[in-house]
Amino acid sequence: MQPSGKQSAVLSVSQLNRQSKELLETYLHNVQVTGEISNLSRPASGHWYFTLKDQRAQVRCAMFKSRTQYLKFIPKEGEQVLINASVGLYEARGDYQLIVNGMQSAGEGALKIAFEQLKMRLHQEGLFNPDHKQPLPKHPQHLGVVTSPTGAAIKDILSVLKRRFPNLPVSIYPTQVQGEVAAGQIAQAIERANQDQVCDVLIVGRGGGSLEDLWPFNEEVVARSIFNSQIPIISAVGHEVDVSISDYVADLRAATPSAAAEVVSPDRFEWLGRFEQLERSLIRITQNRIAQQRFQLLQLVKRLRHPKDKLQENMQRLDMAQMRLHNSMQQQLSQWNTVLTHLNHRLQSKKPDKQLAMMQQTLRQLQQRMQHAIELQLQALNNKLGRQAEVLNAVSPLNTLGRGYAIVTNDKGQAIRNSQQVKKGETLYAQLHQGKLSCSVTDVYDDESK
């Protein structure tokens, strides 16, 4: 069914954009517009591209080189300006834009003024005071990052950590970093990190953008959360030229998120070099200590006498004592014989038979007593010698060998005390109480395999 009345002509997209462009350029060829500059771009061609905005709307603008070269000032991001322009349409994309013919400054933008006012007030309150800034940990144990989980900042931070120190644990506290709700979320993320008490340093930030994009980091709620944090905070907002309120309050400002990751992460190759140096030093100290102990052991071995040598020395001393005792007894006996002979001669000269018999009996008794005394003395010395021999024998390795034990050594003469000192097929030597054995190891068992 056909509609009644005159039917409009069907236009292509190109025709529609061309007619719209002609209509705009005809009726809006010269307008004055005031607003705040944002997203300013000045490529090498000399043309300028930017967005002009107010609190409710924005429009794209283009100012070509033929017009920019006559300006007496260079506009800045966030600056309030008044422009003379014609309204146009970029046909290829259907984008509505202003072609700027002239521009004059209308003072600093609202965001710039708000930034300076908040900066001055917080400075007067002492939030920027260096005395309140916390030192960063020398060797961080756990890093926290407050940023967007999908933004370029977290990718840059993780990339730097992977290259420098991949073993550093990282906890991400996700938050929006742009828009009206971003400031509140950033402050909540900082408070949550402090409640968790897991991280010992925080990176708070995002990648580059316009002044409006970075504005959540210029909000008072974020500044006070950073100031009240018990965890040291590194502010890493935007690029090196971008400065935010967060940079002033934080314990340290980093030019970029990547630079913040460089600050908190040690260089693993530097650490490995230090570990290798310490390892070499430890090996050298250990070798010197072993050499000193070996020297002391050799000196002690030289001073240690074998129990057999000590026993022989004591036996020799006992023999000398027995010889001295025997000589002493012989001398005393000889003296008594001399006296007895003299008395006998005297008796014989007087011939007292009865007295002589008594003297002979006394002599026999004295001889018996002397003989008994000699035997007792010899028996006491033998007993003493036996006790000393038993003491020496008790500490003598030969006595241990006599009970069935053996001293096992390797071909270097080192005593074997642990099965881990030998290998299968190795030849060992066993010193017995009598004789010595040469043995070949067929199996080796440790304590756990019993």
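Report the trypsin sites (Lys or Arg not before Pro) located in the range 98-182 that are in a DSSP loop and have at most 13 other Cβ atoms inside 10 Å of their Cβ, or state none.
K138
What is the gain in length, in nm to one decimal, between A9 and Q388 on full extension, counting 0.36 nm per residue of separation less the C-alpha to C-alpha distance?
Using 0.36 nm per residue and subtracting the Cα-Cα distance, I get 122.8 nm.
Pull up the DSSP beta bridges for the chain and report the antiparallel fraction as a percent, rounded to 5.
If I count the DSSP bridges inside the chain, around 65 percent turn out antiparallel.
Mind checking the dipole of the range 113-266: about its Cα centre, +1 per Lys or Arg Cβ, -1 per Asp or Glu Cβ, Debye to the nearest 20?
520
Suppose every K and R has +1 on its Cβ and every D and E has -1 on its Cβ; what is the size of the dipole of the chain about the Cα centre, in Debye to the nearest 20?
4080
Can you tell which of F115, I416, Q176 lies farthest toward the positive end of the dipole of the chain, using +1 and -1 charges on the Cβ of basic and acidic side chains (Lys, Arg; Asp, Glu)?
Final value for the positive-end residue is I416.
For a 32 Å ceiling on Cα separation, which of these pairs sit above it: K302/K423; K308/K423; K310/K436?
K308/K423
V201's amide H: which non-local residues (gap 5+, or another chain) put their own amide H closer than 5 Å, with H modeled 1.01 Å from N in plane and none for Pro or chain starts?
Distant-sequence amide H within range of V201: H142, G144.
List the residues whose amide H sits under 5 Å from the amide H of G207, counting only those 5 or more places along or on another chain, with H placed 1.01 Å from N in the peptide plane.
Counting only residues 5 or more places away or on other chains, the set is A152, A153, G238.
Give me, ordered by chain and number, the residues 5 or more places off H47 or on other chains with an amide H under 5 Å from its own placed amide H.
K65
With θ taken as phi - 60° and the coefficients 6.51, -1.76 and 1.60, list the Karplus ³J(HN,Hα) couplings across the range 116-133 in order, rounded to whole Hz; mark glycine and proline as x.
5, 5, 5, 4, 5, 5, 5, 5, 5, 6, x, 5, 9, 4, x, 5, 8, 7
Against the longest alpha carbon principal axis of the chain, how many degrees, from 0 to 90 and to the nearest 10, is the axis of helix 268-303 turned?
For helix 268-303, the angle is close to 0 degrees.
Taking the Cα centre of the range 402-449 as origin, work out the dipole magnitude from +1 charges on Lys and Arg Cβ and -1 charges on Asp and Glu Cβ, in debye rounded to 20.
It comes to approximately 280 debye.
I'd like the GluC sites (Glu not before Pro) in the range 238-298 restricted to DSSP loop residues with at most 11 other Cβ atoms within 10 Å, sorted by number.
Passing sites in the range 238-298 are E240.
State the answer as a single residue: which of P166, F50, L82 lies farthest towards the positive end of the charge dipole of the chain, with beta carbon charges of +1 for Lys and Arg and -1 for Asp and Glu, about the Cα centre.
P166
Going by alpha carbons, how many degrees (0 to 90, nearest 10) lie between the helix axis of 13-27 and the longest principal axis of the chain?
For 13-27 against the chain, the angle is about 70 degrees.
Could you work out the local net charge near T427, counting Lys and Arg as +1, Asp and Glu as -1, over the other residues with Cβ closer than 12 Å to its Cβ?
Taking every other residue near T427 into account, the sum is +1.
Could you tell me how far the Cα centroid of the range 371-388 sits from the Cα centroid of the range 229-297, in Å?
81
Place +1 on the Cβ of every Lys and Arg and -1 on the Cβ of every Asp and Glu in the chain, take the dipole about the Cα centre, and give the residue among L311, L252, V201 whose Cα lies farthest towards its positive end.
The Cα lying farthest towards the positive end belongs to L311.
Taking Cα atoms of the chain, Rg/Rh with Kirkwood Rh, to two decimals?
A ratio of 1.59.
Please identify the trypsin sites (Lys or Arg not before Pro) of the range 227-307 that satisfy two criteria: DSSP loop assignment and at most 16 other Cβ atoms within 10 Å. Which are they?
Qualifying residues, ordered by number: R305.
None of the figures in this text is laboratory data; all of them are computed from the coordinates on show. Here the structure is a predicted model, which means the values were calculated and not measured. Virtual Cβ from ideal backbone geometry, glycine too; neighbours counted across all protein chains shown.
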